[in-house]
Amino acid sequence: MRHGTLAGFVTGALLSLLLVAGPGTARAQAPAQPGQFDYYLLSLSWSPEYCASPGGARSPDQCTSSRRYGFVLHGLWPQHAAGGYPAACATAGADRVSRPLIDRMLPIMPAPALIRHEWDKHGTCTGLSVDAYFDQATRAYRSIQIPEAYRQPSADLPVAIDQLKAAFLTANPGLNDKDLTVVCKRQYLEEVRVCLSRTLNPQSCGPDVRDQCRGQNVVLRAVRSAQP
């Protein structure tokens, strides 16, 4: 996207650091029509990993707030069963994200820029209104139980990826190993992703949604008290 001002350029650069491009190695498919998709990919981001990146210093709501964030909602992404995903389905009359809605989402999705981006890129493709989309995303986020050991570790926590997945399956009896993928940044955990039906029931992921880790082990950075 071209930005006509320096401020626009900076905003675009920040978003490129804040946000991953999309689910797995899948590519956005155009033209995209709202409501035409098969299932959702729920992305749970490990906040300490983001806050350790350069972008974290520019995200005070997430990384310098008084709350100690662990897994947060990155997004709820429409997917095609055969692969790929619709993106940026906004039309001229598309809803905008209001400040009250942002405030409502911040406890689980703690960055206003991320909230706006997720609506523009993914929410507009669901066929839902902006309020209904974020209600759906909240229900999806709350439908997944985080295993106790991975909620608030006070020290960096190394774990085998298979062990991490097994803990999620145990905490969520409806899940199986085909519904869950893990994304790493070098040796560190970046995200856990869960595939859900359009009614938010667990389902198998598409062929292009898979683990993105180099080895068999991963480290969860510690959840530390935020800097004032």
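The figures follow:
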{"item": "Cut-off under 5 Å, modelled amide H: who pairs with E190 long-range", "result": "V183, C184, K185"}
{"item": "Per-bin percent of Cα-Cα distances, the stretch 129-228 [5 Å]", "result": "2, 12, 20, 22, 19, 14, 8, 3, 0"}
{"item": "Cα-projected label distance for A167 with D135, points at 7 Å along beta-carbon direction, nm", "result": "3.4 nm"}
{"item": "Between the stretch 37-75 and the stretch 125-193, the alpha-carbon center distance in angstrom", "result": "12 Å"}
{"item": "Residue-by-residue Karplus 3J(HN,Hα) for the stretch 46-63, coefficients 6.51, -1.76, 1.60, Hz, glycine and proline x", "result": "7, 4, x, 5, 4, 5, 7, 8, x, x, x, 5, 9, 10, x, 4, 9, 10"}
{"item": "Cα→Cβ-extended label distance, 7 Å offset, between I146 and A81, nm", "result": "3.3 nm"}
{"item": "Cross-link partners of K121 among lysines (Cα-Cα below 23 Å; sequence separation of 8 or more within a chain)", "result": "K185"}
{"item": "Per residue convex hull volume, Cα atoms of the stretch 40-109, in Å³", "result": "131 Å³"}
{"item": "In Hz, Karplus ³J(HN,Hα) per residue of the stretch 146-160 (6.51, -1.76, 1.60; θ = phi - 60°; x = Gly, Pro)", "result": "7, x, 3, 5, 10, 8, 9, x, 8, 9, 3, 10, x, 7, 5"}
{"item": "Under 5 Å, built H, 5+ apart or other chain: amide partners of I144", "result": "none"}
{"item": "Sequence-distant residues sharing a close amide H with W77 (under 5 Å, placed H)", "result": "L41, L42, S43"}
{"item": "Residue-wise HN-Hα coupling along the stretch 122-139, computed from phi with Karplus coefficients 6.51, -1.76, 1.60 (Hz; x: Gly, Pro)", "result": "10, x, 5, 8, 7, x, 9, 5, 4, 5, 5, 4, 6, 5, 5, 5, 5, 4"}
{"item": "Cα-based Rg / Dmax (Å) for the stretch 31-220", "result": "16.2, 48"}
{"item": "Partner aspartates and glutamates for K178 [C-alpha distance under 13 Å; skip if fewer than 8 residues away on the same chain]", "result": "D162, D208, D211"}
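Only the coordinates and a few stated rules stand behind these numbers; no lab work does. Please read these numbers as outputs of a predicted model, since none were measured by experiment. Using ideal geometry, Cβ is built from the backbone for each residue, glycine included, and neighbour counts are taken over all protein chains shown.
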